[in-house]
Amino acid sequence: MKIAIRREPIEGERRVAATPAAVAQYVAAGYAVTVQKGAGVAAGYADAAYVEAGAALAASIPLSKVDVVVHVRPLDAETIGKLPKGAITIGFASPASELDGVAALAARGVTAFSLELIPRISRAQSMDALTSQALVAGYRCVLEGAMRFPRFLPLFMTAAGTIPPARVLVLGAGVAGLQAIATAKRLGAKVSAYDVRSASADEVQSMGGTFIHLDLDAAADAAGGYAKELAADRADRQRELLAPHVAEADLIVTTAAIPGRPAPRLITASMVQGMAPGSIIVDLAAETGGNVEGAKPGEDVLVPVTGGAVTIVGMKDAASTMPFDASRLLGQNIANLVALMTREGGVLAPDFDDEVVAGACLTHEGAVRHEPTAAAIA
Ligand code: NAD
């Protein structure tokens, strides 16, 4: 079968869905691979490396003749309209927000696998692209904050005096938050963190952070290890209890998210006003509504406070800011999913009795297979 790897058309997206290493795996499994010229250049992978891995290069890929398309961002309507019936697509499909795209995939008779839907079970860890990209994003958030911070992060004891370590606060301790904690610790900061899930205290401590216990009446665990949205009164109480911790922090990284919902608002404008001048807040959730009031995706917002300003960094395309390694991990996640579905001689034949395959399937044989998405479209 033929696998196509295209240049991601969305501006600002620098990742590629397959690196030369992933292509070599596809070729070894018997697939014929075509890579669009320049597909990996923004991520640091040259055309020649794909050719060496066994791919053919094409200026543009004739989509009507491909069997499998691997992609990073959700496919656009024009692309979907060119796919042959029965084509298989694998990539981020944003089923919670791209309802028209999902409906178009189903109408076209495409079998679409959405990386967001891969079950978060041990067996599927090697395919879990949400995790691999969150890891990149969490690491990067701390670096973005550190670069703007007018002070050191670690403790320095010098002949000219002692510089205390910076206090870093991480709000939301999922994959990205835990990586932010680890990165800030490596840089020598004093790190504390908070999350609503009951399991997170141990996870935060295992990364070397100090967990902040808020006196909310109960944790907010939902199915699949995710958090559920707090009711308005509990969200108010949460902000009230967080305010003194926010005021004390020098650098804050916020990563809180609820799948399929806007990001919870954890920091209000008045909480920002309580911070010291020079403090930095990096909001990883800026693109999905923002954990921080006033955050703008892709922008630094300077909020005047007494004696200076607090900078709110609105992260945008976070994983794409480190495209080489983000693509390396993402490409391997996708290649592992392909390998799970590969039969002898380069044939991709999904076994829908497999819980990972069935769970990741968004559309198949003209229907939307993911029930919550089907219900949202209906
Ligand atoms: P996510 O990106 O959906 O959300 C980020 C974090 O925000 C979560 O930890 C969530 O609890 C937190 N959050 C939501 N609302 C909040 C609020 N109001 N205040 C503070 N924090 C809030 O999360 P994720 O990184 O995808 O992880 C979700 C779960 O999946 C976790 O339990 C994680 O351990 C689990 N997980 C399992 C696997 C696996 O088994 N293969 C892999 C990755 C993650």
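Read the figures in this text as sums done on the coordinates, not as results from a lab. It should be emphasised that the depicted structure is a prediction, and the values quoted were computed from it without experimental measurement. Because the Cβ atoms are built from the backbone with ideal geometry, glycine has one as well, and the counts that use them run over all protein chains shown.
Some observations on this one:
- When the alpha carbon gyration tensor of the range 1-104 is reduced to an equivalent ellipsoid, its three semi-axes come out at 22, 16, 11 angstrom, largest first.
- Helix 232-248 axis, angle to the chain major axis (alpha carbon atoms, nearest 10°): 60
- Cα pair distances in the range 292-341, grouped into 10 Å bins until the bin that holds the longest one, percent each: 23, 27, 21, 17, 9, 3
- Working note: Karplus 6.51/-1.76/1.60 with θ = phi - 60° gives the range 313-318 the couplings 9, x, 5, 9, 6, 4 Hz, where Gly and Pro are set to x.
- Cβ-based charge dipole, the chain, positive-most Cα from 373, 200, 133: 133
- Per residue convex hull volume, Cα atoms of the range 221-352, in Å³: 135
- Across the range 113-231, counting alpha-carbon atoms alone, Rg and Dmax equal 16.6, 59 Å.
- For the range 285-378, the spread of Cα positions along each principal axis, largest first, Å: 67, 38, 18
- Only Lys, Arg, Asp and Glu carry charge here, each on its Cβ (+1 for the first two, -1 for the last two); on that basis the range 220-269 has a dipole of about 200 debye about its Cα centre.
- Antiparallel DSSP beta bridges within the chain, percent to nearest 5: 30
- With a simple spin-label model that places each label point 7 Å from the Cα along the Cα-to-Cβ direction, the separation between residue 352 and residue 300 comes to 5.2 nm.
- Entries in 296/316; 185/228; 2/65; 228/316; 37/65; 190/228 that, when Cα-Cα distance is taken, lie over 19 Å: 185/228; 228/316; 190/228
- Diffusion coefficient, µm² s⁻¹, Stokes-Einstein with Kirkwood Rh over alpha-carbon pairs of the range 33-175 at 10 °C and 1.306 mPa s: 84
- Extension gain, residue 51-residue 231: 0.36 nm per intervening residue step, less the Cα-Cα distance, totals 59.4 nm.
- Values of log10 I(q)/I(0), in the order q = 0.16, 0.21, 0.30, 0.32 Å⁻¹, for the range 245-299 under a Debye, Cα-only, solvent-free model: -0.43, -0.72, -1.26, -1.36
- Each listed q (0.09, 0.15 Å⁻¹) maps to a log10 I(q)/I(0) for the chain from the Debye sum over equal C-alpha point scatterers, namely -0.56, -1.26.
- Relative contact order %, the range 211-335, counting alpha carbon pairs below 8 Å whose residues are six or more apart: 18
- When restricted to Cα atoms, the range 170-260 yields an Rg and a Dmax of 12.6, 37 Å, respectively.
- Kirkwood analysis of the range 23-63, using all unique Cα-Cα pairs, places the hydrodynamic radius at 10.3 Å.
- Here the Karplus curve 6.51 cos²θ - 1.76 cosθ + 1.60, taken at θ = phi - 60°, turns the phi angles of the range 106-122 into couplings of 5, 4, 7, x, 8, 8, 10, 10, 10, 5, 5, 9, 4, x, 8, 10, 3 Hz, with x standing for Gly and Pro.
- Residue exposure proxy: 303, 35, 253, 66, ordered by other Cβ atoms within 10 angstrom of their Cβ from fewest to most, comes out as 303, 66, 35, 253.
- Amide H partners (placed H, <5 Å) of residue 94, local residues excluded: 116
- Theoretical gain in end-to-end length, residue 37 to residue 218 [0.36 nm per residue, Cα-Cα removed]: 59.8 nm
- Multiplying the residue separation of residue 378 and residue 94 by 0.36 nm and subtracting their alpha-carbon distance yields 100.5 nm.
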